[in-house]
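The values are calculated or read from the model by the stated rules, or taken from the named source; none is laboratory data. These numbers were taken from a predicted model, which means no experiment stands behind them. Cβ: placed from backbone, ideal geometry, glycine included. Neighbour counts: every protein chain shown. Remember, those area values only see protein heavy atoms, side chains included, never the ligands or the DNA or RNA. Shrake-Rupley method; radii C 1.70, N 1.55, O 1.52, S 1.80 Å.
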Amino acid sequence: MTTLTDARTPFQRAEERTAHNYHPLPVVVEHAEGAWMTDVEGTRYLDLLAGYSALNFGHSHPGLVQVAHEQLDRLTLTSRAFVHDRFADFCAALGDLCGKELVLPMNTGAEAVETAIKVARKWGYEVKGVTPGQAKIIVFTGNFHGRTTTIVGFSDDPDAHNGFGPFAPGFVQVPYGDLAAVEAAIDDDTVAVLVEPIQGEGGVVLPPDGFLSGLRELCTRTNVLMAADEIQAGLGRTGRTFACDHEDVVPDIYVLGKALGGGIVPVSAVVADRDVLGVLRPGEHGSTFGGNPLACAVGHAVVQMLATGEHQARATELGVVLRDRLESLVGHGVVGVRVRGLWAGVDIDPTVGTGREVCEALMARGVLAKDTHGSTIRLAPPLVVSREDLEWGLDQLAEVVSSGPLGA
C-alpha cells in the first residue's frame with residue numbers, strides 16, 4: 001500500500017504491481033499537449049512516437065477534446081442492442097472517406113483484424129464457394145497485426161509467437177513484398193491476402209515499388225479479397241489518407257484503428273462494400289463497446305479533419321524534412337533509413353549502441369522514441385508537430401548517434 005512517506009518513484013511503484021509485458025522507458029507522463037509531454041517532475045519531452053500513430057493529431061487536440069467533453073455529458077454507451085444518434089453519421093462519413101458502402105465499428109486494432117479474418121472466411125464460404133472449414137488467408141513475414149492468439153499464430157516474431165500455442169490453422173505465410181510467392185500460394189481455398197501496406201512494428205518496412213498495385217491486380221484476377229491493415233499506416237500518417245493511396249490501390253477491405261480514436265478513445269473499424277461486409281447477419285459478430293456514442297462522436301470528428309486533406313499535406317511537407325535529415329545521418333551512426341511521410345525506421349550502427357540505448361539517450365535529451373527488433377528505432381511524430389520542434393528533435397538524434405559508443 002502506498003503512503004505519503006513512500007520513497008519509491010511512480011515508475012518503481014508501477015513496475016512492482018504491473019505484469020511486465022512492456023519494457024517502458026523510465027518516464028512517468030502527467031500531462032501532454034500537441035507534440036509535447038510533461039512528466040511528474042515537470043520535465044518536458046518531445047513525443048516522436050505518437051502512441052504508435054494513435055496520436056496523429058497530437059495530445060489533447062482541442063477540437064477533439066471538445067467533442068469528447070460534449071458527448072460525455074450526453075451519452076456514452078448503449079451497446080449495439082440499440083441505435084444511438086451518433087452512429088449513422090460516423091459510419092457514413094468513414095465509409096465516404098474510404099469510398100466504401102459499409103462500416104463495422106469495433107474498438108481495438110486487433111479486434112478489427114479478427115473481424116476482417118471472420119468476414120473474409122465467411123465471404124469465402126458463402127460467395128466464393130470454398131469448402132467449409134478450408135479457407136486460407138495469405139499473410140507475410142515480418143507482419144504485426146495484433147496480440148490475440150489467432151493473430152500471433154501467424155507471426156514470425158518469436159516474442160509474439162513463442163509460448164502461446166496451439167494456434168488456429170488457415171494461414172499461409174510468404175515473404176513480404178514477393179508478388180510471385182503470393183501468386184504461387186494462392187489456390188482454390190484462398191479467400192484473402194492480409195497485408196500491411198507498410199510494416200510498422202517490423203521497423204517501418206516499405207514494400208517494393210509496384211508491389212501493392214501488383215497485389216491488387218492479382219487478387220482481382222484470382223477472386224481473392226485484398227485486406228489492407230492500415231491501422232498504423234493509415235489516416236494521414238504517410239502523407240496520404242491511406243498508405244495504399246501511394247500506388248492508387250483500393251483494397252476490398254480496410255482495417256482501421258489507432259488514429260481513428262483521436263488519441264482519446266479506442267476506435268477501430270472494418271470498411272468494405274456490401275458484397276463483402278454484407279455476409280454478416282445479426283448474432284454472428286459483435287462488440288458491446290463497438291461503435292459506442294463517445295467513440296462515434298470522436299471518430300466522426302477525426303474523419304471530418306481528414307476530409308480536408310490538411311493533415312495529409314502536412315505529413316507530406318514535414319516528411320521531406322524528416323527524410324532529408326535522416327538520410328544525412330547514414331554513415332554517421334546510422335546504417336539505413338526508411339521514410340514515408342512522417343513515419344521512419346532508423347537502423348542504428350551497432351558500434352553506436354542498441355535501439356534501446358539510443359532511445360534512453362534521447363530521453364535524457366528530452367525526446368521520446370521507441371526501439372524495435374534490437375537495432376532499429378521508429379519515429380512517428382504527431383502530424384501537428386512544428387517544423388522547428390521536429391528539427392530540434394532530429395538535432396538530438398544526430399548528436400546521440402554521432403557521439404560514439406553509448407555503452408562506453
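Looking at (1) assigned to a loop (DSSP other than H, G, I, E, B); (2) open to solvent by less than 20 Å² (accessible area, probe 1.4 Å); (3) closer than 30 Å to S79 by Cα; (4) of a type in the set (A, V, I, L, M, F, W, C), can you tell me which one V249 breaks?
Exception for V249: condition (3).
Considering the stretch 252-277 alone, what residues qualify as being in contact with a Lys or Arg (Cβ under 6 Å, 6 or more places away or on another chain) and open to solvent by 10 Å² or more (accessible area, probe 1.4 Å)?
Selection gives D273 alone.
Which of the residues spanning the stretch 266-291 are among the β-branched types (V, I, T), in a loop (DSSP other than H, G, I, E, B) and more than 15 Å from G109 (Cα to Cα)?
The answer is V279, T288.
Pairs needed: first member in the stretch 259-287, among the acidic types (D, E); second member anywhere, at pLDDT 95 or above and open to solvent by less than 40 Å² (accessible area, probe 1.4 Å); C-beta distance under 6 Å; at least 6 residues apart or different chains.
D273/K100
Name the one entry in F167, F154, F171 that is surrounded by 22 or more Cβ atoms within 10 Å (Cβ to Cβ) and either touching a Cys at 6+ places or on another chain (Cβ under 6 Å) or at pLDDT 95 or above (or both).
Residue meeting the stated conditions: F154.
Quick one: L218 ticks every box in (1) crowded, with 23+ Cβ neighbours inside 10 Å; (2) closer than 18 Å to Q173 by Cα; (3) not small (G, A, S) bar one, so which box is it?
That leaves (1) as the condition not met.
If we only count helices (runs of 4 or more DSSP H) wholly inside the stretch 103-190, which ones have 2 or more residues that are in contact (Cβ under 8 Å) with a residue 24 or more places away in the chain and more than 28 Å from T376 (Cα to Cα)?
Hits in the stretch 103-190: 109-123, 179-185.
Are any residues in the stretch 251-268 within 19 Å of G34 (Cα to Cα) and among the aliphatic types (A, V, I, L, M), and if so, which ones?
Answer for the stretch 251-268, where residues must be within 19 Å of G34 (Cα to Cα) and among the aliphatic types (A, V, I, L, M): A259, L260, I264, V265.
From (1) under 20 Å from E201 (Cβ atoms); (2) open to solvent by 10 Å² or more (accessible area, probe 1.4 Å); (3) not aliphatic (A, V, I, L, M), pick out the condition that doesn't hold for G283.
For G283, the exception is condition (1).
Mind listing whichever residues of the stretch 281-330 are farther than 30 Å from R121 by Cβ and touching a Pro at 6+ places or on another chain (Cβ under 9 Å)?
Within the stretch 281-330, L318, L322 qualify.
Considering only residues of the stretch 396-408 that are open to solvent by 40 Å² or more (accessible area, probe 1.4 Å) and either within 26 Å of the chain's Cα centre (by Cα) or within 12 Å of E357 (Cβ to Cβ) (or both), which is modelled with the highest pLDDT?
P405
Within the stretch 368-390, take every residue that is charged (D, E, K, R) and under 30 Å from E310 (Cβ atoms) and give me the one that is surrounded by the most Cβ atoms within 10 Å (Cβ to Cβ).
The extreme case among them is R378.
Quick check, is R365 under 14 Å from N56 (Cα atoms), open to solvent by 60 Å² or more (accessible area, probe 1.4 Å) and not β-branched (V, I, T)?
Taking the combined requirement at face value, the residue does not satisfy it.
Is it the case that some residue within the stretch 44-64 is over 30 Å from E201 (Cα atoms) and out of contact with any Asp or Glu (no Cβ under 6 Å at 6 or more places or on another chain)?
Checking the stretch 44-64: not a single residue is over 30 Å from E201 (Cα atoms) and out of contact with any Asp or Glu (no Cβ under 6 Å at 6 or more places or on another chain).
Only one residue in G129, G124 is farther than 30 Å from T76 by Cβ and either buried (at least 24 other Cβ atoms within 10 Å of the Cβ) or touching a Gly at 6+ places or on another chain (Cβ under 7 Å) (or both). Which one?
Exactly one residue qualifies, and that residue is G124.
Considering only the stretch 299-316, I want to know if a residue exists there that is crowded, with 24+ Cβ neighbours inside 10 Å and in a loop (DSSP other than H, G, I, E, B).
Checking the stretch 299-316: not a single residue is crowded, with 24+ Cβ neighbours inside 10 Å and in a loop (DSSP other than H, G, I, E, B).
Among the residues of the stretch 44-60, is there at least one that is open to solvent by 40 Å² or more (accessible area, probe 1.4 Å) and of a type in the set (A, V, I, L, M, F, W, C)?
No: zero hits.
Of the residues G341, G319, only one is part of a loop (DSSP other than H, G, I, E, B), surrounded by 14 or more Cβ atoms within 10 Å (Cβ to Cβ) and touching a residue at least 40 places away in the same chain (Cβ under 8 Å); which?
G341
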